[in-house]
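The values are calculated or read from the model by the stated rules, or taken from the named source; none is laboratory data. Predicted, not measured: the structure shown is a model, and the values here were computed from it. Using ideal geometry, Cβ is built from the backbone for each residue, glycine included, and neighbour counts are taken over all protein chains shown.
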Amino acid sequence: MSLSSQTKLLLAKNLNAMMMEAVFCAFDSYAAFGVREEEERSIQDNWRGVILNTVNGMIIESIQDGGVDWIQKGLGRESLRVAHREWAAEMKAKGWRWGRKLNKVEKVHPELADEYDDLPGIYHARDRIVPETFTELWPVYRQVMKAAFGSTNTDELLDALRDFIACAVNQSIWAYMSVGWGLDHPRFSDLSASERGRLRRDITVLMSIALVKDPSGWSPEALFEEWRDTQKAEGWVLGEKLDAVNKTHPWLVEKYGDLPERVRAEDKAVSSMFAALWPSVKAIVALVADTKKVDPKMIN
């Protein structure tokens, strides 16, 4: 069955939204690694619109360019220096000046150093998040696009969406752990086959839960409890190490607080990412599953 123009438009809209949310959540995960809870809203307000618009432009550029090689070329130190000089000159021309804290009323910005190299290292690390996350997501995003536009086979689409969510979740954890804390956490492309399989399995469980219970209100604790109960219902038990044959898992503890701190941090990243992506994921599946019933009002 061919897709109508309305369906194609809605698919493109939701695919773009999914990609934009995935990249922003990875950035937000990193940005919040050492931030007090009351400052998290400031991160959302100051960065969300900028990053979403940036990613939307990156999607268009990557489709036109046929890939993401152009992004890698822009990650060089000299490219970042040039981009910073241009941005700083533009901001100063508008009356902005350097200051320790962002103040939109007084036009003060903590990143208005004369040179990119003068910025603290935390900003250099932060600048990796958006382009590197986008680059990691691009191959699986293309698979979702292919399944969404090229087939009405929802199983194929669900597999591609599962891989996209798995990659997005891993990148969120990577941003928090590796870039934020300096701990070792691999990118999705560096995961072993068994690690990818385990992550895909966990995402499959969460997708089945989300079909019954809206994930928008999930907390890390609630996410863990849903996952734990689902695993136990399938015969899994607590064990020293993960063993798919004997169905043992080291995280099947009774209380969320008994999990290692690193696992709890990962759960926070997972719950935030899943809740952000689910509306678009659900809409994409619905559009492909039933191409005849498209409400024109959804295009607004």
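Being modelled with pLDDT of 80 or more, of a type in the set (Val, Ile, Thr) and under 25 Å from the mean Cα position of the chain (by Cα) is a description that does not apply to Val253. Screening the candidates Ala175, Ala233 for the property of being without any contact (Cβ under 8 Å) to a residue 12 or more places away in the chain and of a type in the set (A, V, I, L, M) yields one hit, Ala233. Restricting segment 197-227 to residues that are among the basic types (Lys, Arg) and not in a loop (DSSP other than H, G, I, E, B) leaves a set whose member that is surrounded by the fewest Cβ atoms within 10 Å (Cβ to Cβ) is Arg201.
Annotation note: of Lys241, Lys232, the sole residue that is assigned to a helix (DSSP H, G or I) and surrounded by fewer than 16 Cβ atoms within 10 Å (Cβ to Cβ) is Lys232. Before we move on, is Val263 assigned to a helix (DSSP H, G or I) and either under 21 Å from Ala175 (Cα atoms) or not charged (D, E, K, R) (or both)? Yes, satisfied.
Take the conditions (1) touching a helix residue (DSSP H, G or I) at 6+ places or on another chain (Cβ under 8 Å); (2) under 22 Å from Phe224 (Cβ atoms); Arg201 misses just one of them, which is (1). In the set (1) modelled with pLDDT of 85 or more; (2) touching a Ser or Thr at 6+ places or on another chain (Cβ under 7 Å); (3) of a type outside the set (Gly, Ala, Ser); (4) not in a helix (DSSP H, G or I), Asp184 fails one condition alone, (1).
Residue-wise test of (1) over 23 Å from Thr7 (Cβ atoms); (2) surrounded by fewer than 18 Cβ atoms within 10 Å (Cβ to Cβ).
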residue	(1), (2)
Leu102	yes, yes
Asp118	yes, yes
His124	yes, yes
Thr135	yes, no
Val144	no, no
Tyr176	yes, no
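Return yes when Ile129 is part of a helix (DSSP H, G or I), within 28 Å of Glu78 (Cα to Cα) and in contact with a helix residue (DSSP H, G or I) (Cβ under 7 Å, 6 or more places away or on another chain) and no when it is not. Spelling it out, Ile129 is indeed part of a helix (DSSP H, G or I), within 28 Å of Glu78 (Cα to Cα) and in contact with a helix residue (DSSP H, G or I) (Cβ under 7 Å, 6 or more places away or on another chain).
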